[in-house]
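Report on the structure given below.
Just so it is clear, none of the values below were taken in a lab; they were calculated from the coordinates. Model, not experiment: these values are computed from the prediction. We place every Cβ from the backbone using ideal geometry, glycine too, and count neighbours over all the protein chains shown.
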Amino acid sequence: MVLKYLTPLFAALIVSSTSATAIPAFDLQGREAFAPVVVTPNASTFWIIGTLASVSWDASTVPSDADPLPWLALYNTSSFGSAIYITTLASDFDAHAGSVEFTVPDVDIGSYFVMMAAWGQDSPHFRIRGSNFIISPDADTVWTIGQEASVIWDPTAVASEGPEFFWVDLYNTTIYGGANDVMTLASNFDTSAGSITFIVPEVSPGSYFIMREWGQSTTHFEIVA
Ligand SMILES: *[C@@H]1O[C@H](CO)[C@@H](O)[C@H](O)[C@H]1NC(C)=O
Ligand SMILES: *[C@@H]1O[C@H](CO)[C@@H](O)[C@H](O)[C@H]1NC(C)=O
Ligand SMILES: *[C@@H]1O[C@H](CO)[C@@H](O)[C@H](O)[C@H]1NC(C)=O
């Protein structure tokens, strides 16, 4: 991953604006270009590394003759309050589409924002999360009904993401391939502890997985009698 500070090239894109409206911007050839307001991500958005995410804007604000949007880039804010360019997420995409999709890059988990097509057209800060909080169960895990078992996660990853780790549910996979929520194993627990221990419930022996909030699931593991 390349980490660069703002280059004079980007600084040259500064135009006087509020971020509330679409603003004229100038492309690198000095032509006037169109830069719409980012609608999502918003302050409650989270992206998960390695999954598809999108940035959207109101396509009805886009002039019919608008050129493709030249760039969409990811930034975070340094401890001095300046914008740090992280990476480009998309370039030369259709302004009329109203959204653009990409895979969330492998960055450090934390708080980021995006800027699209013009300096000043930035989103609120939102969070990028990792997908691998849960260390155990893994594919080699076997839980025995009626005995103690634990779910173990990386407390440093959770701590840096805030307290939003409210439940752990047990799932299995239906014959149609869907996720079947069997029961909640734990909820509203201390996320800094790094693990929770409970008695394995009376379920049918078989293959299960667990999911925590935000659709993050483990691999399948076995529950035996
Ligand atoms: C914020 O963005 C998310 C998608 O990241 C969306 O589901 C949600 O509706 C948005 N919230 C508001 C208030 O627009
Ligand atoms: C900004 O993001 C980079 C890349 O993920 C990371 O190394 C750096 O620590 C982040 N800086 C801040 C202040 O969050
Ligand atoms: C899923 O688990 C439930 C509860 O133990 C069980 O009744 C059901 O048969 C399981 N389904 C599959 C497809 O294994």
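Numbers at a glance
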| read-out | value |
| --- | --- |
| Cα→Cβ-extended label distance, 7 Å offset, between residue 51 and residue 67, nm | 3.6 |
| In range of the label at residue 193: residues from the range 114-154 whose backbone nitrogen is under 16 Å from the point 7 Å along Cα→Cβ | 135-137, 148-154 |
| Inter-probe distance in nm under a simple model that places probes 7 Å from Cα toward Cβ, at residue 147 and residue 39 | 5.4 |
| The range 75-86 - phi-based ³J(HN,Hα) in whole Hz, Karplus 6.51/-1.76/1.60, Gly and Pro as x | 9, 10, 10, 6, 5, 8, x, 8, 6, 10, 5, 9 |
| Rounded FRET efficiency, nearest 0.05, which uses the C-beta distance separating residue 108 from residue 79 and R0 of 25 Å | 0.95 |
| Cut-off under 5 Å, modelled amide H: who pairs with residue 35 long-range | 23, 25 |
| Under Karplus coefficients 6.51, -1.76 and 1.60, residue-wise ³J(HN,Hα) of the range 101-110 in Hz, glycine/proline x | 10, 7, 8, 5, x, 7, 9, 5, 5, x |
| Per-residue ³J(HN,Hα) for the range 181-194, Karplus 6.51 cos²θ - 1.76 cosθ + 1.60, θ = phi - 60°, Hz, x for Gly and Pro | 6, 7, 5, 8, 8, 6, 8, 6, 10, 6, 5, 6, 5, x |
